[in-house]
Amino acid sequence: MTFVELMIVITILSIIANIALPKVKQMRRRAEAASVIADLHAVRMAAYDEFAERQTFPKSDGWGQVPAELARSLPRGFTFDRGNVIYRWRRWSLPHGLPLWPQQSVLLGLEVRTGDQELMESIKGVYRGPLAFGSATNVTFVID
């Protein structure tokens, strides 16, 4: 191989790498977003298990803290602090219910916070649930 041929091969490889790397980052973010949604479903099921067992939902807790009531039904080693994504369990009491459902006295949610705005957009794009609201770095998923 001559020096010119080697430079052409290196140039072609760098062009391919510049095309592929953003796609790899995007796929990695989508996989991480899917993991967050899977965690949401695990938390939802743990909350329903707790309600079935004790007829009450766990009280709100701080960022990164798994409520003890949920920990019993979550997979072993499950944490609310995943490095660049952190969760917070929320339970709101509604003394007068919701406008369209006055009999609903509790609203449940899982807050998700990350400093990576692109990851948050990916999470919002993957989520297909009933209701979510938030900002560029924080979103609350309402558990139905």
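The values are calculated or read from the model by the stated rules, or taken from the named source; none is laboratory data. What you are looking at is a predicted structure, and each value in this text was computed from that prediction instead of being measured. Positions of Cβ are generated from backbone atoms using ideal geometry, with glycine treated the same way; all protein chains shown enter the neighbour counts. What goes into the accessible areas is simple: the full protein's heavy atoms, side chains included, and nothing from ligands, DNA or RNA. Shrake-Rupley method; radii C 1.70, N 1.55, O 1.52, S 1.80 Å.
For the range 115-126, 3J(HN,Hα) computed residue by residue from phi via the Karplus equation (6.51, -1.76, 1.60; θ = phi - 60°) reads x, 8, 5, 5, 5, 4, 4, 5, 4, 5, x, 7 Hz, glycine and proline entered as x.
For the chain, which whole-number percentage of the solvent-accessible area (1.4 Å probe, protein heavy atoms only) is attributable to carbon and sulfur atoms? Display every interim value, and only then the final one.
Numbers: 5550 of 9150 Å².
Its accessible area is 61 percent carbon and sulfur atoms.
Based on protein heavy atoms only, the range 1-135 ends up with 66 Å² per residue of surface accessible to a 1.4 Å probe. When percent of Cα pairs over 22 Å apart is calculated for this entry, the matching label among (1) 36; (2) 50; (3) 58 is (2). Fraction of C-alpha pairs exceeding 18 angstrom in the range 86-141: 41 percent, rounded to a whole number. Rounded to whole numbers, the Karplus 3J(HN,Hα) couplings from phi for the range 89-103 are 7, 10, 9, 10, 8, 10, x, 10, x, 8, x, 8, 10, x, 6 Hz, using 6.51 cos²θ - 1.76 cosθ + 1.60 with θ = phi - 60°, and x at Gly and Pro.
At 25 °C and 0.890 mPa s, grab the translational diffusion coefficient of the range 48-111 from Stokes-Einstein with a Kirkwood Rh over Cα pairs, rounded to a whole number in µm² per second.
Values: Rh = 12.9 Å.
Calculated translational D: 190 µm²/s.
Partner aspartates and glutamates whose Cα lies under 16 Å from the Cα of K25, excluding those fewer than 8 positions away in the same chain, are identified as D116, E118, E121.
Across the chain, the relative contact order, built from alpha-carbon pairs under 8 Å that are at least six residues apart, equals 19 percent. Can you compute the charge dipole magnitude of the chain about its Cα centre, using +1 on each Lys and Arg Cβ and -1 on each Asp and Glu Cβ, nothing else charged? Give it in debye, rounded to the nearest 20. The dipole of the chain has a size of about 60 debye.
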